[in-house]
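*Asks:* So that we are looking at the same thing, I have put the structure below in C-alpha cells.
The values are calculated or read from the model by the stated rules, or taken from the named source; none is laboratory data. The shown structure was predicted, so the numbers you read here are calculated from the model rather than taken from an experiment. Counting neighbours? That spans all protein chains shown, and the Cβs are built from the backbone with ideal geometry, glycine included. Ligands, DNA and RNA are excluded from the accessible area calculation, which covers all protein heavy atoms including side chains. Shrake-Rupley method; radii C 1.70, N 1.55, O 1.52, S 1.80 Å.
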Amino acid sequence: MPRTLKKSLPHIALLGYLLVVLFPFLFVLFSSVKKDNNSIALNPFGIPKEFVFNNYVEAWVNAKISTYFFNSLYISVLASVVSILLASMFAFAVTRMRQGKWNTILFSLVLIGMLIPNNALMLPIYTIVRKLHILNSHWALIIPYIANAIPFTIIILAAFMRSLPSEIEEAAVMDGLKAPGIFAKIIVPLTVPAMVTVFIVNFLGNWNEFLLANYFLSNDELRTLPVGMVQFRDQYQMNYAQMSAGIVYSVLPVVIIYAVLQEKIIEGVTAGSVKG
C-alpha cells in the first residue's frame, strides 16, 4: 500500500496543480453563461441554474468582439508563419551549410538580439514605423512581431536541425538535390515538430501582445482583441457575464491549437535534446 501511494503522489500533485490552474477559467466559463451580475454574485463558483448563451451573441456583435477577434487572428498567424519561414532558412544556413566562422558570428548576433529587452526597443520601433508611414495600420504590428520572434525561433530550429544526421543530406546530394531542394524537401518536413512548437509560442505572444497594439493603432476597426477587451470592460463594466464571454473568446483559439497539435508540441519541446 505505501508503495502504491508513493507512485500515486506525483499524479495527485499534478491533479491538484491542474485544478488550481483551471479554477479561474472555470469561474469565467460558468460566469459567461449566467443571466446577470446577481446570478454571479449569488453563486459565483457554481454551475448556473439557467444557461444564457445569448451573452456570447451580444459580446460578439454589439461589443465588436468579432472585429477584434479576426484582427488578432490573422495578424498573429501571419506574423508567426513569416517568422518561422525566415528563421528556418537562417537556421538551415548556419547549421547545415559550411560557411566557416561566419556561422558562429551570425548565430552569436542572434543570441545578442535576445538579450535586448523588448521595452527598450519601444521608441526605436515607433520611429521606424512612423518613417515607413505604416502607423495606424496592421503592418505596424506585423513587422515588429516578426522581428521580435525571429531570434527565439532561430535558436529552437537550429537546435533541432543540428540533431539531424548528416547522412540524410549526403544521400540527397547524391540524388542531385542542391541547397534549396534539400531545405524544402528534406529539412523542412523533418523540422515540423519544432516549427509547430515555435508557432505556438509565437502565436501566443502575438495574440496576447498589448503595448504595441495599444500605441500604434488608433482606428477602432483595426484594434486587436487585448486592446478591444479593455474598451469592452469600460463599456460593459456592469455586465460581468458578457465580459466573461469576451474572455472565453480570447482563450478559445489557443485551447483549440493546443488540442489539435498536442503531439507535435511534445515532440518539438524535446527538439535537439537527443543527438542523432
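*Asks:* Does T127 meet the test of being closer than 30 Å to K178 by Cα, part of a helix (DSSP H, G or I) and of a type in the set (S, T, N, Q)?
*Replies:* No: the conditions fail for T127.
*Asks:* Do we find a residue being touching a residue at least 24 places away in the same chain (Cβ under 8 Å) and open to solvent by 70 Å² or more (accessible area, probe 1.4 Å) anywhere in region 37-57?
*Replies:* no
*Asks:* Among the residues that make up region 248-259, is at least one of them modelled with pLDDT of 80 or more, among the hydroxyl-bearing types (S, T, Y) and either surrounded by 15 or more Cβ atoms within 10 Å (Cβ to Cβ) or assigned to a loop (DSSP other than H, G, I, E, B) (or both)?
*Replies:* The answer is yes; a qualifying residue exists.
So that you can scan it fast, the table gives a plain yes or no per residue for (1) loosely packed, with under 15 Cβ neighbours inside 10 Å; (2) touching an Asp or Glu at 6+ places or on another chain (Cβ under 8 Å); (3) within 24 Å of V188 (Cα to Cα); (4) not polar (S, T, N, Q):
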{"site": "W102", "(1), (2), (3), (4)": "yes, no, yes, yes"}
{"site": "F107", "(1), (2), (3), (4)": "no, no, yes, yes"}
{"site": "L115", "(1), (2), (3), (4)": "yes, no, no, yes"}
{"site": "P124", "(1), (2), (3), (4)": "yes, no, no, yes"}
{"site": "V129", "(1), (2), (3), (4)": "no, no, no, yes"}
{"site": "I150", "(1), (2), (3), (4)": "no, no, yes, yes"}
{"site": "T153", "(1), (2), (3), (4)": "no, no, yes, no"}
{"site": "F160", "(1), (2), (3), (4)": "no, no, yes, yes"}
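*Asks:* Then there's this: Considering region 202-219 alone, what residues qualify as being under 23 Å from the mean Cα position of the chain (by Cα) and surrounded by fewer than 17 Cβ atoms within 10 Å (Cβ to Cβ)?
*Replies:* L204, N208, F210, L211, N214, Y215
*Asks:* Continuing with this model, one more query. Give me the residue from region 164-196 that is assigned to a helix (DSSP H, G or I) and among the acidic types (D, E) and, out of that set, nearest to T95 (Cα to Cα).
*Replies:* E169
*Asks:* Take the conditions without any contact (Cβ under 8 Å) to a residue 40 or more places away in the chain, open to solvent by 70 Å² or more (accessible area, probe 1.4 Å) and within 20 Å of the chain's Cα centre (by Cα) and apply them to L85. Does it pass?
*Replies:* Spelling it out, L85 is indeed without any contact (Cβ under 8 Å) to a residue 40 or more places away in the chain, open to solvent by 70 Å² or more (accessible area, probe 1.4 Å) and within 20 Å of the chain's Cα centre (by Cα).
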